[in-house]
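Each remark here refers to the structure printed beneath this line.
The values are calculated or read from the model by the stated rules, or taken from the named source; none is laboratory data. Just so it is clear, the model here is predicted, and its values are computed rather than measured. Only protein heavy atoms, including side chains, enter the accessible area calculation; ligands, DNA and RNA are left aside. Shrake-Rupley method; radii C 1.70, N 1.55, O 1.52, S 1.80 Å.
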Amino acid sequence: MINTSGLSFYYGKTCVLANLDLAFHAGFNVLLGPNGAGKSTFIALLTHLKKPSSGYIEYDGLRIDQAQANIMARFGVVFQEPTLDMDLTVEQNLCYHGALHGLSKREVLRRSEPLLEGLGLTGRLKDKIRQLNGGHRKRLEIVRALVHKPSILLLDEASVGLDNQSRAQIINYIRELAITSSLCVIWTTHLLDEIKLDDHLVVLTKGVLVASGTVSDLISKTQVSNVSDLYISLTSQGALNAI
Amino acid sequence: MQSKAYLIAFQGIFLRELRRFFAQKTRLLSALVRPMLWLVVFATGFRAALGVAIMEPYGTYITYQTYITPGLCCMILLFNGMQSSLSMVYDREMGSMKVLLMSPLPRPYLLFCKLMSNAMLSLIQVYIFLLLTNLVDVDIDIIGYLYAVPAIFIIAFFLGALGLLLSNLIKQLENFAGVMNFVIFPMFFLSSALYPLWKMKEASLWLYWLCQYNPFSYCVELLRWSLYNQTHLNSLSVLMPITIITALLALASFAPKAGAKR
């Protein structure tokens, strides 16, 4: 679904992403890395908010400059920072987003109803964003990202700042959605407890690709017993030097 | 994308700007209080000192309040243009700009919608102010109100585009205070908003030339003449290309930034 080839990004002389060759398919993909690994920059490149220094990205064989409208319509994105309009209501935020995707108010409300229900926001349409707590705002951002029926859902550290219960609810909802809707989900995180054995894992450290594959495959290859050990093994200085 | 999608997007962007404008209740109030203070306090105080001789487009002697009304309308447009750029800087810092830029519609079109929405909001504020000027005996007939619509729109669009361009040059919200000192005040005071340029010429030749090269002077004159049912062709011929160039520069400044080359 998404392929990157030789993807690099530099801020001045600082290398943020180095020569990434990656593939993401439908299902739950985890982009794992510590703060500063280049995850957010990678998301910005995928979503055309930034252009790479070199290399390219293909979406089902198409590049962004060949079919921008087509490709951008496929994305649903939950950014790391809050992007809801605090002065507007839940409904107005959803309608604004829908309008940017050419959806009428009626269509937005029709589509968002089951999503709001699934994420526990039923009956909150008329609430101002300021009235929602952090967990509800994040859920609303997910609803908004899904309302135009994207085929690729990007969530950049979507669970940061949430309590454990909210985190678990959100991640379970997204996992289920990835299966039922054949959605390509890219979930970026630095939290190891959000990873499951059948996830497709991509590990970045300091902009370098450290590993890519199914978590269970990577565990058996590196001969460790769990995700935590896998991560330590992949990001140890010796392993990084070998790369 | 279908043409209907473009219309829906424009409607969505305009409604958002409108709702935000009315949600921030002090914004409308300050947009009106500022020029009203100039009109009621400043103009009354300086009325005697700054008598205005018969000049075009006025057919007779006018009060100082009447003279500065077009300049104060342009002041509203200037502040609103800069206010919208402030909100763009805020949107960018808060991340909500990304929501706009993630739309499948062409980026220049989305920013054009932003400019149009801003121009329409400015139009509303200017007409509320013009209605209030009747309280201080500023006499503009109803045809003048209608005749001025395109002029106000062009000026609002130009100043909005200038604000948009500035918003991309300003990296942080804190730096926006500099815009007040280095853009708004010089543009306003170095123009024909408060005094006719021939008076400025008598007082200082170099200041007069600065005023002559200030596009804001052309905004003021275009509006002044249009409020009296006339088109100031000189101002229009200067403003149209400047508006187009500024808008194109503003739109280009929102292209995705490429990483440094190695």
Whole-Hz Karplus couplings 3J(HN,Hα) for the range B:89-100, θ = phi - 60° and coefficients 6.51, -1.76, 1.60, Gly and Pro as x, run 5, 4, 4, 5, 5, 7, x, 6, 4, 5, 4, 5
Ignoring ligands, DNA and RNA, the residues of the range A:79-103 whose accessible area with a 1.4 Å probe is reduced by 40 Å² or more relative to the chain alone are A:PHE79, A:GLU81, A:THR83, A:ASP85, A:ASP87, A:LEU88, A:GLN92, A:TYR96, A:ALA99, A:LEU100, A:HIS101, A:GLY102
Expressed in angstrom and rounded, the centroid-to-centroid distance over alpha carbons for the range A:128-184 and the range B:212-238 is 52 Å
Residues whose built amide H sits under 5 Å from the amide H of A:LEU154, excluding neighbours closer than 5 in sequence, are A:GLY76, A:VAL77, A:VAL78, A:ILE186
Here P(r) for the range B:3-252, Cα-Cα distances in 5 Å bins, as whole percents, is 1, 6, 13, 18, 20, 16, 12, 7, 4, 2, 1, 0
With every protein chain kept in place and a 1.4 Å probe, the range B:3-252 has an accessible area per residue in Å² of 43 Å²
Residues hit by the 30 Å² burial cutoff in the range A:32-74, accessible area with a 1.4 Å probe, assembly against chain on its own, are A:HIS48, A:LEU49, A:LYS51, A:SER53, A:ALA69, A:MET72
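Interface B/A, total buried accessible area with a 1.4 Å probe, nearest 100 Å²?
For B against A, buried area totals roughly 2900 Å².
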The set of residues whose placed amide H lies less than 5 Å from the amide H of A:SER54, leaving out same-chain residues fewer than 5 positions away, is A:SER8
Relative contact order of the range A:84-150 (C-alpha contacts under 8 Å, at least 6 apart) in percent is 46 percent
Here P(r) for the protein assembly as shown, Cα-Cα distances in 10 Å bins, as whole percents, is 4, 17, 24, 20, 14, 10, 6, 3, 1, 0
Dividing the mean separation of Cα pairs under 8 Å (6+ apart) by the residue count of the range B:3-252 yields a relative contact order in percent of 26 percent
Expressed as a percent, the accessible surface of chain A that is carbon or sulfur, using a 1.4 Å probe and the full set of protein chains, is 49 percent
A correct Stokes-Einstein calculation for the range B:74-201, using the alpha-carbon Kirkwood radius, 37 °C and 0.692 mPa s, returns a whole-number D in µm² s⁻¹ of 203 µm²/s
Mean-square fluctuation maximum in Gaussian network of chain B, Cα pairs under 10 Å, restricted to B:LEU197, B:LEU100, B:LEU29, hits B:LEU29
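Which percent of the accessible heavy-atom area of chain B goes to carbon and sulfur, probe 1.4 angstrom?
Of the solvent-accessible surface of chain B, carbon and sulfur hold 70 percent.
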Interface call, the range A:2-19: threshold 40 Å², probe 1.4 Å, accessible heavy-atom surface of protein chains, chain by itself vs complex, result A:TYR10
If one builds a Gaussian network model of chain A from Cα atoms under 10 Å apart, the most fluctuating residue listed among A:THR47, A:THR122, A:THR188 is A:THR122
Given a 1.4 Å probe, the accessible area of chain A per residue, as a whole number of Å², is 42 Å²
Computed over the range A:1-48, the Cα gyration tensor eigenvalues, each multiplied by 5 and square-rooted, give semi-axes in Å (largest first) of 19, 13, 9
